[in-house]
Amino acid sequence: MKDCVIVLFGGTGNLAYKKLYPALYKLYERNLMPNKFVILSLGRRNIELVEFKNIVKLKIKQFSNGYNEKVLNGFVDFIKYQILNFDKINDYVILKGRIDDCVCSEKMPQNRIFYLATAPGYFEIITNNLELSGILDIKKDAYKRIVIEKPFGKDLAEAKSINKTLRKVFSENEIYRTDHYLGKAMIQNIMVLRFSNALFEPLWNSECIDNVQITVSETIGVEERGGYYETSGAFRDMIQSHLIQILALFAMDVPNSLETEDIRNEKVKVIKAMKFFTNKDIVDNLVLGQYEGNSDVKSYVDESKVNPNSLTETFVAIGIDINNKRWKGTKFYLRTGKRLKKKIAEIVVEFKNTTVNKFYYDLLKNKDNAVNSANLLRIKIQPEEGISLSFNVKKPSTDNIIVQKEMDYCQSCDIDMKSPEAYEKLIIDAISGDQSLYARWDEVEAAWSFVDKISKTCLDRSRLLKKYKSSTWGPKEAELMMKKNDLKWWSK
């Protein structure tokens with residue numbers, strides 16, 4: 001792994017403190033960082049370096065899954081700090097000198113990674129100033145990479161504008177568009193599960209799978225992100241990026257190889273095959289909700305920086321058809337929301353009742369002890385990580401009683417609940433130049449195109465938006481949407 005300077009924009013922000021520094025520390029602790037590296041953190045506050053290092057140490061102790069004091073002290077020696085205002089070109093000129101000094105004093109190559117842990121409104125400003133200041137003028141044998149945090153714009157038009165600016169300065173293979181859900185261990189396990197087990201790949205199609213449910217739920221509200229949420233809502237914040245990316249990885253056809261571009265090619269095909277629905281189809285395929293408060297928590301409209309008359313959704317349930325040979329006839333249900341009953345992220349695959357197992361179900365359906373015979377495959381992403389498969393067996397008795405049992409693999413248990421954080425994988429991939437878990441532009445464009453078209457069918461939001469009580473599973477309409485198709489949500 002080549003030595004490099006990591007330039008961290010937004011180095012004093014929540015993302016940096018809660019995720020990035022702890023992830024970088026863990027990589028260092030496990031000897032996965034380059035032999036020589038510098039983390040040059042940028043912020044608008046005037047902080048002495050010693051004070052800043054102490055803050056970083058405190059944040060790592062607070063948010064990291066364990067630490068070693070001696071190793072931690074060694075890690076912060078690689079951190080430097082500089083004041084920088086995003087829109088002041090002179091600050092970038094000073095930054096260039098600082099980077100050059102790091103390279104010279106440490107006898108390092110000119111490799112540099114620019115990590116933009118900032119609001120998307122700064123992406124273009126930072127990119128333009130990096131070019132104007134000459135920071136990007138490096139030797140041919142060195143690399144430059146830019147890592148962009150989601151959201152990648154607030155709609156397709158803004159995403160195109162950001163991408164146009166980026167592509168004037170960076171090539172596509174130098175742009176790393178982060179979706180941290182793809183860095184989660186069990187998401188990476190989807191391909192292994194499919195392609196290394198003869199049991200599953202032959203079943204991975206509409207002939208065998210009735211429906212697929214992807215749920216990402218949170219128990220918290222919008223907290224301090226009310227201003228941001230007003231411009232995005234759950235549809236743009238979660239569906240457009242996280243859940244569509246998970247869907248694409250799950251549903252893609254077998255790639256020609258496990259090389260980055262082959263995997264991305266298949267994911268794009270899935271996203272482009274997602275079927276749009278019209279106004280008359282909305283009721284059967286889309287539910288929007290907004291949480292209400294109680295004696296313990298605020299309603300969404302009472303949160304800080306939220307319009308008291310807001311029609312922004314904090315919950316989405318959507319049914320998506322994929323119009324291709326593999327998945328035609330199988331529905332994908334995506335559900336996400338704030339202030340829900342349980343924090344969970346998982347994929348539930350419901351297999352079809354074949355002629356044989358339907359016979360057994362029909363035989364017993366009038367008995368009091370009859371069970372739902374659905375075979376379910378669960379890919380559990382968080383908080384527990386693992387895979388379970390439910391199947392039906394005869395209960396040991398003289399009666400014909402069918403009971404459902406599970407084969408359960410708990411990945412979290414294997415590693416004492418200390419799975420690497422998603423950002424550890426994403427950061428090490430950016431340093432090593434692996435873009436497999438980063439979104440290519442045409443993936444982002446196709447996802448935004450889908451979301452924008454659906455949004456345009458939701459003009460009467462006052463009719464579509466349903467209130468729901470906090471600590472529930474969202475509006476009752478989400479349950480009714482499933483009941484219409486004799487289905488139910490399995491994640492509870």
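The values are calculated or read from the model by the stated rules, or taken from the named source; none is laboratory data. Just so you know, these numbers come straight off a predicted model, no measurement behind them. Note that we place each Cβ from the backbone using ideal geometry, even for glycine, and neighbour counts take in every protein chain shown.
Please indicate, with yes or no, whether at least one residue in the range 298-316 is surrounded by fewer than 21 Cβ atoms within 10 Å (Cβ to Cβ), at positive phi and not β-branched (Val, Ile, Thr). Within the range 298-316 (the criterion being surrounded by fewer than 21 Cβ atoms within 10 Å (Cβ to Cβ), at positive phi and not β-branched (Val, Ile, Thr)), the answer is yes, since at least one residue qualifies. In this structure, Ala430 does satisfy being within 30 Å of Glu172 (Cβ to Cβ), modelled with pLDDT of 95 or more and surrounded by 20 or more Cβ atoms within 10 Å (Cβ to Cβ).
Regarding Glu224, is this residue assigned to a helix (DSSP H, G or I), free of Cβ contacts under 8 Å to residues at least 24 places away in the same chain and on the phi < 0 side of the Ramachandran plot? Spelling it out, it is not the case that Glu224 is assigned to a helix (DSSP H, G or I), free of Cβ contacts under 8 Å to residues at least 24 places away in the same chain and on the phi < 0 side of the Ramachandran plot.
Name the single residue that is farthest from Lys492 (Cα to Cα) among those in the range 219-233 being surrounded by fewer than 15 Cβ atoms within 10 Å (Cβ to Cβ) and of a type in the set (Asp, Glu). Among those residues, the one meeting the criterion is Glu224. The single condition among (1) out of contact with any helix residue (DSSP H, G or I) (no Cβ under 8 Å at 6 or more places or on another chain); (2) touching a residue at least 60 places away in the same chain (Cβ under 8 Å) that Tyr143 does not meet is (1).
Considering only the range 452-492, how many residues are farther than 23 Å from Asp321 by Cβ and not assigned by TED's automatic domain parsing to the domain that holds Asn375? Summing the residues that are farther than 23 Å from Asp321 by Cβ and not assigned by TED's automatic domain parsing to the domain that holds Asn375 in the range 452-492 gives 1. The C-beta contact set for the range 171-187 (first residue in contact (Cβ under 8 Å) with a residue 12 or more places away in the chain and farther than 16 Å from Asp442 by Cβ, second residue in a loop (DSSP other than H, G, I, E, B) and among the hydroxyl-bearing types (Ser, Thr, Tyr), distance under 6 angstrom, 6+ apart or interchain) comprises Ala185/Ser419. Does Lys96 satisfy the condition of being assigned by TED's automatic domain parsing to the domain that holds Leu42, surrounded by fewer than 19 Cβ atoms within 10 Å (Cβ to Cβ) and at pLDDT below 95? The answer is no for Lys96. Inspect the range 123-136 for any residue being under 19 Å from Thr12 (Cβ atoms), part of a helix (DSSP H, G or I) and either in the same structural domain as Ile431 (by TED's automatic domain parsing) or out of contact with any helix residue (DSSP H, G or I) (no Cβ under 8 Å at 6 or more places or on another chain) (or both) and give the result as yes or no. Looking for residues that are under 19 Å from Thr12 (Cβ atoms), part of a helix (DSSP H, G or I) and either in the same structural domain as Ile431 (by TED's automatic domain parsing) or out of contact with any helix residue (DSSP H, G or I) (no Cβ under 8 Å at 6 or more places or on another chain) (or both), one finds at least one in the range 123-136, hence yes.
Would you confirm whether any residue within the range 103-117 is in a strand (DSSP E or B), without any contact (Cβ under 8 Å) to a residue 40 or more places away in the chain, under 21 Å from Tyr81 (Cβ atoms) and in contact with a helix residue (DSSP H, G or I) (Cβ under 7 Å, 6 or more places away or on another chain)? Checked against the condition, which is being in a strand (DSSP E or B), without any contact (Cβ under 8 Å) to a residue 40 or more places away in the chain, under 21 Å from Tyr81 (Cβ atoms) and in contact with a helix residue (DSSP H, G or I) (Cβ under 7 Å, 6 or more places away or on another chain), the range 103-117 yields no hits at all. All of Lys425, Lys380, Lys456, Lys405 fail the test of being modelled with pLDDT of 75 or more, loosely packed, with under 14 Cβ neighbours inside 10 Å and under 30 Å from Ala273 (Cα atoms), apart from Lys456.
Determine whether the range 74-87 contains at least one residue that is in a helix (DSSP H, G or I), free of Cβ contacts under 8 Å to residues at least 24 places away in the same chain and exposed (fewer than 13 other Cβ atoms within 10 Å of the Cβ). No, the conditions are met nowhere in the range 74-87. Annotation: Phe332 fulfils all but one of (1) part of a loop (DSSP other than H, G, I, E, B); (2) modelled with pLDDT of 95 or more; the unmet one is (1). Looking at Leu32, Leu58, just one residue is surrounded by fewer than 19 Cβ atoms within 10 Å (Cβ to Cβ), part of a loop (DSSP other than H, G, I, E, B) and modelled with pLDDT of 95 or more, and that residue is Leu32.
Conditions (1) within 17 Å of Met33 (Cα to Cα); (2) in contact with a Gly (Cβ under 8 Å, 6 or more places away or on another chain), marked per residue:
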site: Glu48; (1), (2): no, no
site: Val71; (1), (2): yes, no
site: Tyr81; (1), (2): no, yes
site: Asn85; (1), (2): no, no
site: Lys88; (1), (2): no, no
site: Asp91; (1), (2): no, no
site: Pro109; (1), (2): yes, no
site: Arg112; (1), (2): yes, no
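If you check Leu182, Leu193 for being within 25 Å of Ile320 (Cα to Cα), touching a His at 6+ places or on another chain (Cβ under 9 Å) and in a helix (DSSP H, G or I), only one passes: Leu182. One residue alone among Asn285, Asn279, Asn211 is under 26 Å from Lys352 (Cβ atoms), in contact (Cβ under 8 Å) with a residue 60 or more places away in the chain and either surrounded by fewer than 16 Cβ atoms within 10 Å (Cβ to Cβ) or in contact with an Asp or Glu (Cβ under 6 Å, 6 or more places away or on another chain) (or both), and that residue is Asn211.
Applying the condition of being closer than 13 Å to Met191 by Cβ and in contact (Cβ under 8 Å) with a residue 40 or more places away in the chain to the range 234-258 and asking which residue is surrounded by the fewest Cβ atoms within 10 Å (Cβ to Cβ) yields Leu258. Scanning the range 237-280 for residues that are farther than 27 Å from Ala119 by Cα and in contact with a strand residue (DSSP E or B) (Cβ under 9 Å, 6 or more places away or on another chain) gives Phe250, Ala251, Val270, Ala273, Met274, Lys275, Phe277.
Looking across Leu24, Leu40, Leu20, one residue alone is assigned by TED's automatic domain parsing to the domain that holds Ile126, within 16 Å of Glu106 (Cβ to Cβ), touching a strand residue (DSSP E or B) at 6+ places or on another chain (Cβ under 9 Å) and among the aliphatic types (A, V, I, L, M). It is Leu40.
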